[in-house]
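Every number in this text was worked out from the coordinates using simple rules, so none of it is lab data. Just so we're clear, the structure is a prediction, and the values are computed from it rather than from any experiment. For neighbour counting, all protein chains shown are included, and Cβ atoms are generated from backbone atoms with ideal geometry for every residue, glycine included.
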Amino acid sequence: MAHGEKTFPAKPLLVFVAVAAAIHLAVRLAPHLPWLSPPLVAAALFLYSPVPRYRGRGIPAWAARPDFRKSAATLSLLAAAGAVAFSLFVRLPLPPALAPFRGTVPLSGPLAAHLLFLVALPEEVFFRGYLYDAFEEAGWEPVLPTALLFAAGHLAISPSAFRAFTFFPGLLLGLGRKWSGNVYVPLLAHFLYNLYPSVIGGPS
C-alpha cells in the first residue's frame with residue numbers, strides 16, 4: 001500500500017459483525033440454556049478471534065513492554081478525565097433509560113475480577129488491539145472508527161439507548177492506545193471506568 005493510501009478493512013469488520021452477532025445470540029439463548037454463559041462466550045470470542053491475524057508475526061507491538069513513564073502519565077490523564085465525565089453524567093437530568101446509575105453499585109472481589117478479566121481485558125484486546133491495528137494498517141486514523149465500533153458492538157449485543165454512550169469512553173480508550181502505544185493503558189482505564197459506578201456512584 002502506498003504511503004497515505006486507504007483501503008477498506010473488510011475482513012476485520014466481518015469478524016466484528018460475526019463476533020457481535022454470536023454474542024447477541026448467546027445473550028438471547030442464555031435464559032433457555034442455563035449452562036450457557038454469555039460473558040464467557042464474549043470473552044473467548046474477543047480474545048481468540050484476533051489470533052489468526054497475528055499468527056506468525058510474534059508479539060503485537062501493543063502487547064510489548066511499555067514505556068512506564070508515558071503509560072503512567074496517560075493512564076492518570078484518562079482516569080481523571082473519565083472520573084470527571086462520569087461524575088457530571090450521572091448528575092444530568094436525563095430520563096432513567098439514559099442514566100441508569102442510582103446510588104452506589106456494591107463492589108465485591110468477584111465483580112472486580114469479572115470486570116477486569118471478562119470485560120476490560122478481552123474488549124481492549126479486540127477493539128484497541130486487533131481492530132485498532134486493522135484500521136491503522138489500512139491507512140485510517142483508528143481512534144474514531146474503533147470508538148464507533150465499540151459503541152455499535154454494545155448496542156448490537158444488548159440494545160439500549162444508554163449503551164450508545166459507550167462511544168465517548170471508547171474515544172478516550174482509543175486515545176490511550178494512541179498516546180501510550182500499548183493496550184495496557186486502555187485496559188486499565190476501561191477497568192477503572194467500569195468501577196466508577198461503585199467508587200463514585202450516582203445520585204440516590
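Descending by average beta-carbon neighbour count within 10 Å, the peptides 182-192, 11-21, 117-127 line up as 182-192, 117-127, 11-21, the highest first.
Shown for the chain are the DSSP H helices of 27 Å or more along their axis, judged by Cα atoms, with a mean Kyte-Doolittle hydropathy of at least 1.0: 10-29, 68-89. A dipole drawn for the stretch 33-132 from +1 and -1 charges on Cβ atoms has a positive end, and of Leu94, Trp35, Tyr130 the residue lying farthest that way is Tyr130. Distance from the alpha carbon centroid of the stretch 128-204 to that of the stretch 10-45 works out to 18 angstrom. Loop sites here are trypsin sites (Lys or Arg not before Pro) outside DSSP states H, G, I, E and B with no more than 16 other Cβ atoms within 10 Å. The longest part of the chain free of them is 103-204.
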